[in-house]
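So the structure is just underneath, and the comments pick up after that.
The values are calculated or read from the model by the stated rules, or taken from the named source; none is laboratory data. Since this is a predicted model, take the numbers as computed values, not measurements. Using ideal geometry, Cβ is built from the backbone for each residue, glycine included, and neighbour counts are taken over all protein chains shown. When the accessible area is computed, the model is the full protein with side chains, heavy atoms only, and any ligands, DNA or RNA have been set aside. Shrake-Rupley method; radii C 1.70, N 1.55, O 1.52, S 1.80 Å.
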Amino acid sequence: MTVESTAARTPRRSSTSGGKRASAKKAAPQKSTEPELVQLLTPEGKRVKNAAYDGYVASITAEELRGLYRDMVLTRRFDSEATSLQRQGELGLWASLLGQEAAQIGSGRATRDDDYVFPTYREHGVAWCRGVDPTNLLGMFRGVNNGGWDPNSNNFHLYTIVIGSQTLHATGYAMGVAKDGADSAVIAYFGDGASSQGDVAESFTFSAVYNAPVVFFCQNNQWAISEPTERQTRVPLYQRAQGYGFPGVRVDGNDVLAVLAVTRWALERARSGEGPALIEAFTYRMGAHTTSDDPTKYRRDEEREAWEAKDPILRLRTYLESEGHADEGFFAELEDESEALGKRVREVVRAMPDPDRMAIFENVYADGHALVDEERAQFAAYQASFADGEVK
C-alpha cells in the first residue's frame, strides 16, 4: 500500500475554461470508500511491502510479534471485564477500546521509557504498554481515587476527561523537553471528536512554531459519540497537519505492525529535532462510546460487521499461524493467562476500599487556603451529623 503524507502534497487549483469561472453546479468529487493509508498487514493477515516504513520493523522477531499479539489479547480481556463490572454496578462508567487494540499497542510499544505519554480516558492498551497495573485504571471509574497511579513512575499522565486539553499539556511538556536539551519525545492521544476542539488547534500551532518534539496520535474510530467524522471535517484528519507546517500520515489503525512502524518514525524524527507530526490511526469503535451510550441508535449493524472482518487480533493471529511463529500451545497458554487476568481484575475491583471522604480537600492548593479549610470543617461537621444512616 502507499503512504499519504501531507509533507509532500501540493494543493490543486480548480481549472476553468476560457478564463470563465467553473460552474457552481459541477458535481462534487466522490469520496473513496477505502482511504489510502499505510498498511503492512492486510485484513487477511498477509504481509505487504512498504518502502517508506518497512525499515522500522525489519528487525522484529517472532517473539516480539507474539508479544504484540499477547498485548492485544490481554488488553481486550481487561476491557471486557471492565465493561462487565460496570454492567454489574461495580463501576460508574467505562470507556471501551474494543477494536482499537492495534492502534494502542502498536503506538505504545513504539515509545521509549524516557518518552512521556499524555492519554485521554480510553488508552488502556497504552497504559498496559507503559507498565501501569490495569486495575489502577479502574479506581477512577469506581470513584475511589483521582487516577490511581503516579504519572512520573511510568511517564504516563493521568487520564484526561476534558476533551482535547491533554494535547496542550503535551505540547507544553514537549517544549520543556526541547529547552532541557533532552532527546526524548512526547506523544499525545486524542480521538476524531477531539480533533475539532480549539485546544487541539492551539497545540498544533504552538508545537509547530516551537518545533516541539511531540507526536499527535489521533485514533479516528469514526464516531464522536453519535457524530460521524464527515460531520466534523471536509478533509481526512491527517491532512490538517499541512496547514500547520508539519507532516501528517494516515495508518491502518487495525494493523499493529504498521502502527508500530509509523509511530517509531514519528517519534524518531521528534527526538532528532525535526518537530511534531500527526498520525491518524484509521480504526473503528466496535462497541459503545461509553457504557452509557447505545450505538444501535445511530449506527448500522452492517457497518460494524464489515469492520469485525478487519479485527486487529484475528489479523495478527492469521499471520503468526501462516508464518509458523506461534503454535496451539502458545494460544492455549495465553488463554489461561487471559482467564487469570480477568479473575484478578474482578477480585481487585470488588475489594477496593471506599475513599476517605475528606481526601477531596487535599492538594487543592500547594500551600493551603483559608476557604478550603473552612469548607473542610463544614463538610466534616455534616458527615458527623449522620449516625447509622440517620440525620441527628
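Below is a table of values for the structure above.
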| read-out | value |
| --- | --- |
| Listed residues 322, 352, 368: farthest to the positive end of the dipole of the stretch 294-385 (Cβ charges) | 368 |
| Protection proxy ranking, peptides 345-355, 97-107, average beta carbon neighbours within 10 Å, highest first | 97-107, 345-355 |
| Whole-Hz ³J(HN,Hα) from phi, Karplus 6.51 cos²θ - 1.76 cosθ + 1.60, for the stretch 205-220, glycine and proline x | 4, 5, 5, 6, 4, 9, 6, 6, x, 10, 10, 8, 10, 9, 8, 7 |
| Apportionment of accessible area to carbon and sulfur, the chain, percent (1.4 Å) | 49 percent |
| The stretch 212-269: C-alpha gyration tensor shape, a/c 1.5 cut-off, then a/b vs b/c | oblate |
| ³J(HN,Hα), Karplus 6.51/-1.76/1.60, whole Hz, each residue of the stretch 154-166, x for Gly, Pro | 10, 6, 10, 5, 4, 4, 10, 8, 5, 5, x, 5, 5 |
| Point-charge dipole on Cβ atoms (K/R +1, D/E -1) for the chain, about Cα centre, debye to 20 | 2180 debye |
| q = 0.14 Å⁻¹: log10 I(q)/I(0) that the Debye formula gives for the chain, counting C-alpha atoms only | -1.28 |
| Cα gyration tensor shape of the stretch 238-289, rounded if a/c is under 1.5, else prolate or oblate by comparing a/b with b/c | oblate |
| The stretch 133-198: radius of gyration over Cα atoms, expressed as a fraction of 2.2 N^0.38 Å | 1.27 |
| Shape parameters for the stretch 263-302, alpha-carbon atoms, Rg then Dmax in Å | 17.3, 47 |
| Normalised contact order of the chain, rounded percent, pairs of Cα under 8 Å and 6 or more residues apart | 22 percent |
| Convex hull of the stretch 55-195 built on C-alpha atoms - directionally averaged projected area, nm² | 9.4 nm² |
| Angle between the chain longest axis and helix 256-271 axis [Cα atoms, degrees, rounded to 10] | 90 degrees |
| Residues of type aspartates and glutamates that residue 297 reaches as a straight line, Cα spacing below 12 Å, ignoring anything fewer than 8 places off in the same chain | 227 |
| Whether the stretch 260-360 is rounded, prolate or oblate, judged on the alpha carbon gyration tensor where a/c under 1.5 counts as rounded | rounded |
| By average C-beta atoms within 10 angstrom, highest first, the peptides 192-201, 114-123 | 114-123, 192-201 |
| Among 40-46, 129-135, 372-378, the order from most to least packed when residues are scored by Cβ within 10 Å on average | 129-135, 40-46, 372-378 |
| Difference of contour (0.36 nm per residue) and Cα-Cα distance, residue 205 to residue 161 | 13.6 nm |
| Centroid-to-centroid separation of the stretch 113-129 and the stretch 72-105 [C-alpha atoms, Å] | 15 Å |
| Nearest 10 degrees, 0 to 90: helix 62-87 Cα axis against the chain principal axis | 50 degrees |
